[in-house]
Amino acid sequence: MNETDHEIIQLFKLHIHPLSFKLTEMLNEHFSHQTERRGCGYTQATRVLAEYINTTRLPRDFSDLKLFNQFETKGLKTLLEQSQFAISDWHNLDLNHAAHTLPDSTPEEFKLEVQQQIKLQQKLRGISSQATLEESKLLCSLIADIILPRTSAQTGLVELKALEEKPKVGSCPMAENFFLKIAHGRMLRQGEINIFVDEQQQPILLEKLNMGDNHSCISLKPVLMNGVCLPAGSLFSVNYDRTLIQEKLANQKFKGYVIPYSAINGFWFLRLTTLAVSPENRERAFTTHYKQQVDNGLFSPGTTQLQQLRDIALMQIQG
């Protein structure tokens, strides 16, 4: 175990299975990920996870296990292929009754292999609670949810539909720029914001227009996408025609509209923003990405809180 490894890497090595080389390199903040475009390794790691989060969890597809370094899938494949086991999905195997009660005729060696996979998933469920750093907890939870997808019924969260393909919206380290300004009520003259609300008229996302990239949104509360719980402060993009939406109401204070999230055909998760981590831990979590924001004179990147954006959103709904 390398003591200079990021906490996340240490936790997975120790309790689950080593993470892929790519994620390890990113989380250890290799200089190649600390560029002007990438921001820092931690940010880049959340972009890598986005590739998984934007795709549907498929019961017989093992791509999700590429998060780990050379994870052996032979036993899992056998489990799905043999009809006598009556198991159709390797995700959430630890909750699958059939996996715990294999037929008596099952070879002992194979039973042990299945038990090993179950134990691994059970440990994965608790991995984020083993982390001490806020940013580690966030990322551990994302990885766990990819392997152990959750439902709206289990989490009580709004589920966002994922778009088929990525809209042309960037996720560079400066994407927070206008969201920080909006949080302090500083809008460009031509700027607009749309507030996507749930069935209770509670704001779940804030979208900006005519300020940097159009159709870029930040989540104001946790949401679910393809079984993965995404924290408040996640960056999304959308692609829709606002003129076609009937059930929209004009904002109370700023230009733009309050729109039911269900009127949108889908969203695309880009990465976590620096606002996903509380101000006191931001510099540690986002290293060179955070430094870049400070060096570029972004508006209060070290003190702005998501609650300020929530308050701005609520002002558009309630006046």
(request) Those residues that are open to solvent by less than 70 Å² (accessible area, probe 1.4 Å) and over 14 Å from PHE68 (Cβ atoms), I need them from region 1-19; list them, please. (result) ASP5, HIS6, GLU7, GLN10
(message) Consider region 146-164. How many of its residues are free of Cβ contacts under 8 Å to residues at least 24 places away in the same chain and assigned to a loop (DSSP other than H, G, I, E, B)?
(response) 1
(request) Considering every residue within region 170-180, establish whether at least one is outside any loop (DSSP other than H, G, I, E, B) and open to solvent by less than 20 Å² (accessible area, probe 1.4 Å). (result) yes
(message) Here are the criteria: (1) open to solvent by 10 Å² or more (accessible area, probe 1.4 Å); (2) assigned to a loop (DSSP other than H, G, I, E, B). Tell me which single one GLU280 does not satisfy.
(response) (2)
(message) Which condition from (1) out of contact with any Leu (no Cβ under 8 Å at 6 or more places or on another chain); (2) over 19 Å from LEU124 (Cβ atoms) is the one that PHE85 breaks?
(response) (1)
(message) Being farther than 16 Å from ARG284 by Cβ and either modelled with pLDDT under 95 or in a loop (DSSP other than H, G, I, E, B) (or both) is the filter here; which residues of region 1-32 pass it?
(response) MET1, ASN2, GLU3, ILE16, HIS17, PRO18, SER20, HIS30, PHE31, SER32
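This table checks each residue for (1) among the small types (Gly, Ala, Ser); (2) open to solvent by 40 Å² or more (accessible area, probe 1.4 Å); (3) touching a Gly at 6+ places or on another chain (Cβ under 6 Å).
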position	(1), (2), (3)
LYS74	no, yes, no
HIS91	no, no, no
ALA99	yes, no, no
GLU113	no, yes, yes
LEU124	no, no, no
GLN130	no, yes, no
LEU133	no, yes, no
CYS140	no, no, no
(message) With on the phi > 0 side of the Ramachandran plot and surrounded by fewer than 18 Cβ atoms within 10 Å (Cβ to Cβ) as the only criterion, which of ASN226, ASN214, ASN210, ASN265 stands out?
(response) ASN210
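The values are calculated or read from the model by the stated rules, or taken from the named source; none is laboratory data. Worth saying up front: this structure is predicted, and the values here are computed from it rather than measured. A quick note on method: Cβ atoms are made from the backbone with ideal geometry, for glycine too, and the neighbour counts reach across all protein chains shown. Heavy atoms of the whole protein, side chains included, go into the accessibility calculation; ligands, DNA and RNA do not. Shrake-Rupley method; radii C 1.70, N 1.55, O 1.52, S 1.80 Å.
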